[in-house]
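Peer 1: Input: one structure, supplied below.
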Amino acid sequence: MNKSRRRRQISQHTNHTSASEILRRYCKADMSDKPANLTKMAALLVLTAIVTERTMATVSEHSILDLHTIDVDGKQYTTKNILISVGGRPFIPDIPGSQYAIDSNAAIDLPSRPKKIIIIGGDYIVVESASIFNGLKSGVHLFIRQNNILRGNEEEVRDFVSEQISLSGIEFLTEEFPQAIIKAPDGSLSLKTNK
């Protein structure tokens, strides 16, 4: 079953608005009726769920009162920062050698800075992880399946971020995806891709 069909089924059974539907509504919405300081980009970041007082709550676009206030089940929460969780989970592709890979959660807990790291993907977490390891002076190689990162965002934003990533020293490889992770006798790892 494809992901899009599964999302529709989940949405129908839970009566919740899907994240993609909220994004579509905000992209098409006339923002003039929103509070002046609630920019289109900020609205796009508020997707489907927040964590407040260690409780998970589902929110919709109607729950956003301003940049610092939301309404959850009739109760208003005001805070300097709102943590947004879209429910995504790290994914390790089912390829030969995948047992040698780690996900973004494990990367945070590495005992030491890797000299080199390959990061696969093109979303916000991937870009952030690549930037963090680059800042720690690791050699970073960023592989993405598409022709650019941050799919779903405006091309101008995607191009600018891609350019900045390249200028920062991160090796940026597009339209390239993993086929196998190979462990050499000396313990070093290499990535075989489609190219």
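The values are calculated or read from the model by the stated rules, or taken from the named source; none is laboratory data. Values in this document were obtained by computation on a predicted structure and should not be read as measured data. Neighbour counts run over all protein chains shown; Cβ positions are idealised from the backbone, glycine included.
Peer 1: Quick test for you: out of K80, K137, pick the one residue that is part of a loop (DSSP other than H, G, I, E, B) and modelled with pLDDT under 90. If you could, list the steps in order and put the result at the bottom.
Peer 2: Working: K137 fails: modelled with pLDDT under 90.
One residue alone meets the criteria, K80.
Peer 1: Taking the conditions exactly as written (among the small types (G, A, S), under 24 Å from Q99 (Cα atoms) and touching a Phe, Trp or Tyr at 6+ places or on another chain (Cβ under 9 Å)), does G187 satisfy them or not?
Peer 2: no
Peer 1: What are the residue pairs meeting all of these: first residue in the range 135-148, first residue over 18 Å from L191 (Cβ atoms) and not assigned by TED's automatic domain parsing to the domain that holds E163, second residue charged (D, E, K, R) and modelled with pLDDT under 90, Cβ atoms under 6 Å, and 6 or more apart or on different chains?
Peer 2: The qualifying pairs do not exist here.
Peer 1: Here are R151, R113: which of them is under 21 Å from the mean Cα position of the chain (by Cα) and basic (K, R)?
Peer 2: Values: R113 fails: under 21 Å from the mean Cα position of the chain (by Cα).
Of the residues listed, the single one that is under 21 Å from the mean Cα position of the chain (by Cα) and basic (K, R) is R151.
Peer 1: Residue under question is D94, and the condition is that it be in a strand (DSSP E or B) and among the acidic types (D, E); does it hold? Let's see the steps before the verdict.
Peer 2: On the way: in a strand (DSSP E or B): no; among the acidic types (D, E): yes.
Considered against the rule, which asks whether it is in a strand (DSSP E or B) and among the acidic types (D, E), D94 comes out as no.
Peer 1: Taking the criterion of being touching a Leu at 6+ places or on another chain (Cβ under 7 Å) and either touching a residue at least 40 places away in the same chain (Cβ under 8 Å) or assigned to a loop (DSSP other than H, G, I, E, B) (or both), would at least one residue in the range 162-174 satisfy it?
Peer 2: Scanning the range 162-174 turns up at least one residue that is touching a Leu at 6+ places or on another chain (Cβ under 7 Å) and either touching a residue at least 40 places away in the same chain (Cβ under 8 Å) or assigned to a loop (DSSP other than H, G, I, E, B) (or both).
Peer 1: Exactly one condition in (1) closer than 21 Å to L191 by Cβ; (2) surrounded by fewer than 17 Cβ atoms within 10 Å (Cβ to Cβ); (3) out of contact with any Phe, Trp or Tyr (no Cβ under 6 Å at 6 or more places or on another chain); (4) at pLDDT 90 or above is false for E128; which is it?
Peer 2: Of the numbered conditions (1) closer than 21 Å to L191 by Cβ; (2) surrounded by fewer than 17 Cβ atoms within 10 Å (Cβ to Cβ); (3) out of contact with any Phe, Trp or Tyr (no Cβ under 6 Å at 6 or more places or on another chain); (4) at pLDDT 90 or above, the odd one out for E128 is (4).
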